[in-house]
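Data block below; observations after.
The values are calculated or read from the model by the stated rules, or taken from the named source; none is laboratory data. Just so you know, these numbers come straight off a predicted model, no measurement behind them. All Cβ positions, glycine included, derive from the backbone under ideal geometry; neighbour counts span all protein chains shown. Just so you know, the surface numbers come from the protein's heavy atoms only, side chains and all, with ligands and any DNA or RNA stripped out. Shrake-Rupley method; radii C 1.70, N 1.55, O 1.52, S 1.80 Å.
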Amino acid sequence: MKVLKFGGTSVGTAQRIKDVAALVANRGKNIVVLSAMSGTTNSLVEISDYLYKKNVTGAKETINALEAKYSRTIEELYSSEEFKKAATEAIGERFDFIRSFNKPIFTLFEEKEILAQGELISTTLMYYYMKEQGINVVMIPALDFMRTDKNAEPDTQYIQTKLSALLEENPDASLYLTQGYICRNAYGEIDNLQRGGSDYTASLIGAAINAEEIEIWTDIDGMHNNDPRFVEGTKPVKELHFEEAAELAYFGAKILHPTCVLPAKLNNIPVRLLNTMDPEAPGTLIFNSRPTHSIKAVAAKDNITAIKIKSSRMLLAYGFMRKVFEIFETHRTSIDMVATSEVGVSVTVDNERNLHAIIEDLKKFGTVSVDHDMVIICVVGDLEWQNRGFEAEVVNALKDIPVRMISYGGSNYNISLLVRKCDKLKALNLLSDRLFK
């Protein structure tokens, strides 16, 4: 059994819903995971924002506009009045539920219930369309098996037990359909796996059933060797190690959510990235591959801030680094890159929310300077330190660009370089010219 996840653009129109149904119909007994239709989650966030601000009129106008969009989709999707009526009634109940949130108090709990409606709507549309086409599909609601624990981490034992029971209750189904992104928390409340969480859902389901493979279907033919928005002539990477894919996802390759990789990696389940618009394209296969002695891809992470702490007290002093990192921990701010010398340490962060407080605390230990509008360029491949020359190729490619920091050796799969935002485009193209042509 495989897990097939389809993102928002893959089910973004009536025609694309039809295409996905045709794509999965004759491929065996698999589990299909759907995101909300593209644009829906943004609309639901907007509705929630109006309700936070107690602007019920604004919320209702947005609700009406979104419901009208779905009415048009239903009209295009189904050929029979029977299924048009069934879908209209089912989707109408979802929008009536959203409209019920008109009380003076609106909290995060209510917002999460509203955000869950996107996936519930998309799977309902797909379910009725498959039924209309004569496909023996069974809905297995994510809210019945997907749960997080008290630390907001997936409760893998619960997921496996509940999901297995649901599958056993419907042994004759040709296909199983469920929602990505949404779950319940340890207290039974509706929650979610954060944005991009449909990838995570697919990976968790794959781990729970020991799937043959997890397929992530999007609107691009695999993970490219550079960012096609900024570099011409990029190509899909045929194969990636799980660690390589995780590095690329974290440092800017938007096709895959970073958290998706871990459950699949731990259970040794291959993940294949495929293109709904071009189903015959081979895409990218991610698995525990053997070393290839090659550089695979480049990615970039924007909105980076570099912080340098210089202190003569650091010289030969133990405990200094611990004190510095504790400040970031206190302010719940993660660090991307680290570079040290005998009298200083530089770090990067991608979140400036608590920057002022962090700087004030760091000034207790030394002189602090900050560089804004920076970009991390991440070069990924088989970068074991014994593979001579790879790091030289990367550095030489950027010999005409000022590099603020370099991180190498912390991973066998990544070299990271910090450059100015204004140098990003040039850096990506120089690296492509040097590494892939």
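Figures for the structure shown
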quantity	calculated
Residues whose placed amide H lies under 5 Å from that of ASN225, excluding near-sequence neighbours	LYS235, VAL237
Apportionment of accessible area to carbon and sulfur, segment 32-154, percent (1.4 Å)	49 percent
Alpha-carbon centroids, segment 124-148 and segment 336-398: separation in whole Å	46 Å
Per residue accessible area in Å² of the chain, where ligands, DNA and RNA are left out and the probe is 1.4 Å	47 Å²
Span-rule helices in the chain, defined as complete DSSP H runs reaching 24 Å or more along the axis (Cα) with Kyte mean at least -0.5	56-77
For GLU384, net neighbour charge (Lys/Arg +1, Asp/Glu -1) across residues whose Cβ lies under 13 Å away	-2
Loop trypsin sites (Lys or Arg not before Pro), segment 182-289 (other Cβ atoms within 10 Å of the site Cβ: 15 or fewer; DSSP)	ARG195, ARG229, LYS238, LYS254
Kirkwood Rh in Å, taken over all unlike Cα pairs in the chain	23.8 Å
Solution diffusion estimate, µm²/s, Stokes-Einstein, segment 230-340, Kirkwood Rh from C-alpha pairs, 10 °C, viscosity 1.306 mPa s	92 µm²/s
Protein accessible area in segment 217-348, 1.4 Å probe - carbon and sulfur %	52 percent
Candidate residues THR73, THR330, THR161: accessible-area rank, largest first, probe 1.4 Å	THR330, THR161, THR73
In Å², nearest 10: area of TYR158 left accessible to a 1.4 Å probe	60 Å²
Extension gain (nm, one decimal) between ASN267 and ALA392, 0.36 nm per residue minus Cα-Cα	41.5 nm
Heavy-atom accessible area order for PHE145, PHE230, largest first, 1.4 Å probe	PHE230, PHE145
Integer Hz, Karplus 6.51/-1.76/1.60 couplings in order for segment 146-153, x for Gly and Pro	8, 9, 9, 8, 5, 9, 6, 9
